[in-house]
Structures are given as C-alpha cells and as structure tokens.
Amino acid sequence: MPPAANVSTPTLSPPAPRMKAYPLDEFGPPEVMQQREVERPAPGPGEVLVRVVATSVNPVDYKLRSGEADFGLEAPAVLGYDVSGIVEQTGEGVERFGEGDAVFYTPEIDAQGSYAEYHVAEAAIVARKPTGLSHEEAAALPLAGCTAWQALFDRAILQAGQTVLVHGTGGVGLLAVQLAHAAGAEVVAVSSPTLTRQTAERGASRVIDYQSEDPAEVMQQAGVRAEVVLDTVGGDTLFESAGVAAPGADLVTIVESAEVPAGPLMPLNASVHFTMMQRRGATMRSLARFAERGLLRPAVADVLPLADVAEAHRRLESGGVPGKLVLRV
Ligand SMILES: NC(=O)c1ccc[n+]([C@@H]2O[C@H](COP(=O)([O-])OP(=O)(O)OC[C@H]3O[C@@H](n4cnc5c(N)ncnc54)[C@H](OP(=O)(O)O)[C@@H]3O)[C@@H](O)[C@H]2O)c1
C-alpha cells in the first residue's frame with residue numbers, strides 16, 4: 001500500500017456574525033436608509049459590544065442624512081447617536097462593565113451608528129443605564145442630556161439661585177430645564193405650544209410660547225434678567241437675548257447663530273460660548289444619578305419600531321413633536 005499523502009485539511013473559520021442595520025449608501029431623503037444584513041462589529045481593546053434595545057432620533061441624524069451637516073461622515077454609514085442596551089461582549093482591558101450589564105451612551109459620529117442590532121463603543125463613553133428608567137426612556141437621554149449638562153454646568157457653571165433662560169424645549173431644552181431646576185436655578189423657558197405642559201411640569205416657573213409671545217418683551221415687562229441663556233434654536237435668538245442678560249451673564253449656544261452684538265454685552269462683562277457636546281462617561285454617570293433621584297425624566301412622544309426610522313426622521317424634521325421619538329430595535 002502506498003504511504004498516505006500528507007494532506008492537511010484546511011480549517012474553515014466560522015462566518016462572521018451578521019446583524020440587521022439601516023445603512024445609507026448615499027446622503028438624501030429619509031428613504032435612503034434601508035434595512036440590510038451587515039457584519040456585526042466586534043469589540044477591540046477598551047471597547048464593549050452592546051445589543052441595542054432602543055435608540056432615538058436627534059436633529060443631527062436628519063442633518064447628516066440630508067447632507068446639511070458633514071462632520072467628516074462618509075457613506076456608506078449607519079446613523080443613530082443614542083443607545084440604551086445590554087453589554088454582549090467586552091474587549092480586552094474593560095473592567096468597568098461585564099456581559100449582561102444594562103448601559104446607555106451616545107455613539108461617536110462615525111460609519112457605524114446605532115440604527116442597528118449591535119453597536120461597539122469605547123467603554124470610556126458608556127455608563128450604566130439609570131435604574132428606574134426603561135430602555136425606551138434611557139434612549140432619549142444620552143445625546144440631548146450630555147449637551148444640556150455640558151452647556152449648563154461645564155460652559156456656564158450655573159449656580160443655585162441664578163435665573164436661566166432656555167430657548168427651545170425639545171430634546172435638549174426640556175432636559176436643560178430639568179437639570180437647571182434640580183440645580184436650584186429659576187427657569188424661564190421659551191417653548192413650542194406642543195411642549196408647554198411638559199415644560200412647566202418639569203420645573204420652568206415661567207413658560208413663554210415662542211409662536212405667540214416675544215421672549216425679550218415678556219422678560220422686560222416682568223423685570224427679569226438671566227444670568228445664563230441657553231440657545232437651542234439659533235438664528236437671531238442669542239442676539240435678541242442680549243437685552244435681557246444680567247451682569248456677568250453666560251450666553252451659551254449649541255447651534256449656529258447670527259452675529260452676537262458686543263454693544264449690549266460688553267458693559268455687562270457677559271461671555272458668549274459656542275459649544276459642541278463631548279462624549280464622556282462622566283457626563284453620562286451624572287445624568288444617570290439625576291435620573292435615579294427622579295430629577296431627570298425625558299418626555300417620550302412616541303416609540304416606533306426601528307423599521308420606521310424613515311418615518312421618525314420625517315416627523316422630527318417637520319417639527320411639532322411633543323417630546324423625543326424613540327426607536328425600539
Ligand atoms: N452643539 C451641539 O453639540 C448640539 C447637540 C445637540 C443638538 N444640537 C442642535 O441643537 C438644536 C436643538 O436640538 P434638539 O434635539 O433640542 O431639537 P428638537 O428636539 O427638534 O427641539 C427643538 C425645539 O425648539 C422649538 N423651537 C423652534 N423654534 C423656536 C423658537 N423660535 N423659540 C423657541 N423654541 C423654538 C421646536 O418647536 P417646534 O416643534 O414647534 O418647531 C422644538 O420644540 C438642533 O439644531 C441640534 O442639531 C447641537
């Protein structure tokens with residue numbers, strides 16, 4: 001019998017796991033996001049793989065999708081910048097989290113967002129989901145909450161007893177109202193009529209309807225000046241708030257604004273801050289503590305299946321939504 005040939009059997013590596021996601025191949029209308037099976041990401045050192053239970057939509061989503069905003073994002077890409085979910089796997093060196101932990105965070109703007117069954121994030125930007133909030137509620141907090149927190153407490157250094165004027169009470173503004181109220185500030189909020197009830201319930205002592213009232217006029221008539229102004233609306237808002245700013249005021253905007261006049265602000269020694277939210281685990285943990293103490297409660301207008309992501313974009317973009325639109329994955 002001839003000797004057996006020395007044939008080695010090739011070892012086949014198992015196929016990479018797949019997941020459902022809603023990528024876009026080009027920027028454009030909401031329909032560009034279509035469900036597809038894509039490769040499931042794997043966590044690298046210092047990262048966690050999270051099974052996304054819920055995500056939510058933010059204005060940056062439709063601004064990126066339509067091409068209005070850039071942030072260096074290139075197609076194909078999956079959008080989605082909020083996550084509430086469960087840790088599925090941890091990468092090398094991750095000690096803070098383990099498999100099965102409920103977590104929440106706001107993903108970086110890169111090619112793989114949270115309109116997907118799984119998401120990989122650096123553990124440093126993740127925090128434990130607040131106990132007492134459902135995944136749907138927790139998914140309404142990360143991006144908007146980090147923005148509100150950092151604007152009020154990192155940029156403006158809001159103090160108890162100060163008056164804060166919040167322009168806009170949507171995703172960011174309604175959380176800012178609650179954070180400022182919890183910090184002991186007097187809150188005046190300029191709100192859409194669709195959100196006046198939620199705004200008053202969450203701590204604004206005065207709610208001005210932006211569609212029927214002039215905020216500067218209302219403030220001047222009431223003799224109220226603001227030590228902190230938070231602008232989530234843009235355009236002329238900051239410019240028009242200059243007249244109701246208190247001496248030493250901090251005016252913070254999270255949106256592009258018309259030129260702010262030095263004239264009325266210089267004699268007040270006021271400061272103007274243009275701010276961009278930073279993804280930080282520390283801010284997420286602060287939000288979680290406030291939520292667990294019952295001081296931070298997002299208004300969830302609707303929970304839709306992830307398959308309705310295009311519809312959620314359309315609704316948010318047309319305005320008049322009474323709270324956050326959450327997507328259940
Ligand atoms: N710099 C950053 O890091 C950062 C982070 C997060 C968000 N942002 C930006 O900040 C903006 C707000 O974000 P968001 O998530 O809060 O948006 P949102 O959920 O769409 O809320 C915007 C709110 O402002 C209201 N509004 C519109 N015009 C107003 C006016 N003249 N006065 C008062 N309220 C007015 C809207 O009411 P209607 O529904 O009646 O229109 C809505 O309730 C967006 O442009 C977003 O891209 C920036």
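Going by the alpha-carbon gyration tensor, a ≥ b ≥ c the square roots of its eigenvalues, is the chain rounded (a/c under 1.5) or, if a/c is not under 1.5, prolate (a/b greater than b/c) versus oblate? It is prolate, given that a/c is not under 1.5 and a/b is the larger ratio.
What region 7-73 shows is 55 Å² of accessible area per residue, with the surface traced by a 1.4 Å probe over protein heavy atoms. Listed by chain and number, the lysines whose alpha-carbon sits under 16 Å from that of LYS324, ignoring those within fewer than 8 places in the same chain, form an empty set.
Among the protein heavy atoms of the chain, carbon and sulfur supply 49% of the accessible surface, probe 1.4 Å, non-protein parts ignored. The aspartates and glutamates whose alpha-carbon is closer than 19 Å to the alpha-carbon of LYS63, local same-chain residues fewer than 8 away aside, are ASP25, GLU26, GLU31, GLU74, ASP82, GLU108, ASP110, ASP231, GLU256, ASP308, GLU311, GLU317. A rounded overall shape is assigned to region 146-274, the ratio a/c of its alpha-carbon gyration tensor axes (a ≥ b ≥ c) being less than 1.5.
For region 146-274, the per residue solvent-accessible surface stands at 41 Å², with DNA, RNA and ligands left out and a 1.4 Å probe. Placing pseudo-labels 7 Å out from each Cα toward the beta carbon at GLN220 and ARG293 gives an inter-label distance of 3.8 nm. Comparing mean-square fluctuations of ALA138, ALA42, ALA21 from a GNM of the chain with C-alpha springs under 10 Å, the top value falls on ALA42.
The values are calculated or read from the model by the stated rules, or taken from the named source; none is laboratory data. From a predicted model like this one, the values you see are computed outputs, not experimental measurements. With ideal geometry, Cβ positions are generated from the backbone for all residues, glycine too; neighbour counts draw on all protein chains shown. Only protein heavy atoms, including side chains, enter the accessible area calculation; ligands, DNA and RNA are left aside. Shrake-Rupley method; radii C 1.70, N 1.55, O 1.52, S 1.80 Å.
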